[in-house]
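What follows is one structure encoded as structure tokens, with my remarks underneath.
The values are calculated or read from the model by the stated rules, or taken from the named source; none is laboratory data. All figures in this text were calculated on a predicted structure; none of them were measured in a lab. Please note: Cβ atoms are built from the backbone with ideal geometry, for glycine as well, and neighbour counts cover all protein chains shown. When the accessible area is computed, the model is the full protein with side chains, heavy atoms only, and any ligands, DNA or RNA have been set aside. Shrake-Rupley method; radii C 1.70, N 1.55, O 1.52, S 1.80 Å.
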There are 2 protein chains.
Amino acid sequence: MSNSKLYKGSLTTIILKLLNENDKMYGYEITQRVKELTKGELKITEGALYPALHKLEAEGLLDVEVAKVDNRLRKYYKLTESGTKETVNKLEELAEYIKTMQALVNPKLA
Amino acid sequence: MSNSKLYKGSLTTIILKLLNENDKMYGYEITQRVKELTKGELKITEGALYPALHKLEAEGLLDVEVAKVDNRLRKYYKLTESGTKETVNKLEELAEYIKTMQALVNPKLA
DNA sequence: TCCTTATGTATAAGAATCTTAGGTATCAAA
DNA sequence: TTTGATACCTAAGATTCTTATACATAAGGA
């Protein structure tokens, strides 16, 4: 995902936020979008992405819809109602995390 | 450490930064300082802290010095030379992480 | 006096998240 | 025809954390 360990635990937040902006997306599309938005800084590996998507689906935060495009399978994911709520929570947690870490590494600004 | 999973992977950065500011600190002191600096938001558990300190020591980033205060054991940790270098790296990675995450969750500002 | 809280360190079992490495399949381009 | 892009998937292992437990001293209240 990056040589930095800080991203550990961030994947769910990233997925939910992208789906919050894009209505529906499929797995491969998510990996490409992340690479693009972060200018290559962050690459989501499949081994992390697919289990994460399946877990979010199992938790009822995502709905899935299978499609066939160019004779190839695609699984479109979209937020459920509780998925939308959870997205808000996750974004608040991210903002809080950043604030807390800045208090720790830059206490002069706190 | 917090109900938020985002902190996973951040502990090393926190320890190194605190030792970079404070010359030497002992484990329990680190937990208290973090609680104080984050106004209770972040509580470092012992089960996470001590293994992390031992690992940093094993990697040569920290030196240890045992002391006895009020008949109780204390282990003071301080940065080695390579620990100081690694602190710079970790802080750069944190800044990069924050920048990347903001590009993802707030693309309008990017 | 006894019990709790604070101080101080430590480890071990298990959960959660990720990496690494594989597997399957279609399509376009070299 | 082989490579690269597209598209999905899983399993073994590494890493980091939580939870629970253990040991020990000191101070304070019931």
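Numbers below:
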item: The lone exception for A:Lys39 - which of (1) within 10 Å of DNA strand D (Cβ to nearest atom); (2) out of contact with any Gly (no Cβ under 9 Å at 6 or more places or on another chain) it fails; result: (1)
item: Residues that are within 14 Å of another protein chain (Cβ to nearest Cβ) and either open to solvent by less than 60 Å² (accessible area, probe 1.4 Å) or at pLDDT below 95 (or both), drawn from region A:70-94; result: A:Glu86, A:Thr87, A:Lys90, A:Leu91, A:Glu93, A:Leu94
item: Residue among A:Asn3, A:Asn89 that is free of Cβ contacts under 8 Å to residues at least 24 places away in the same chain and in contact with an Asp or Glu (Cβ under 9 Å, 6 or more places away or on another chain); result: A:Asn3
item: Of all residues in region B:4-23 being within 8 Å of chain A (Cβ to nearest Cβ) and outside any helix (DSSP H, G or I), the one that is farthest from DNA strand C (Cβ to nearest atom); result: B:Ser10
item: Check on B:Lys43, under 14 Å from B:Ile14 (Cβ atoms), open to solvent by 60 Å² or more (accessible area, probe 1.4 Å) and either without any contact (Cβ under 8 Å) to a residue 40 or more places away in the chain or within 14 Å of another protein chain (Cβ to nearest Cβ) (or both); result: yes
item: Total residues in region B:46-62, condition in contact with a Ser or Thr (Cβ under 7 Å, 6 or more places away or on another chain), within 11 Å of DNA strand D (Cβ to nearest atom) and away from chain A (no Cβ under 14 Å); result: 1
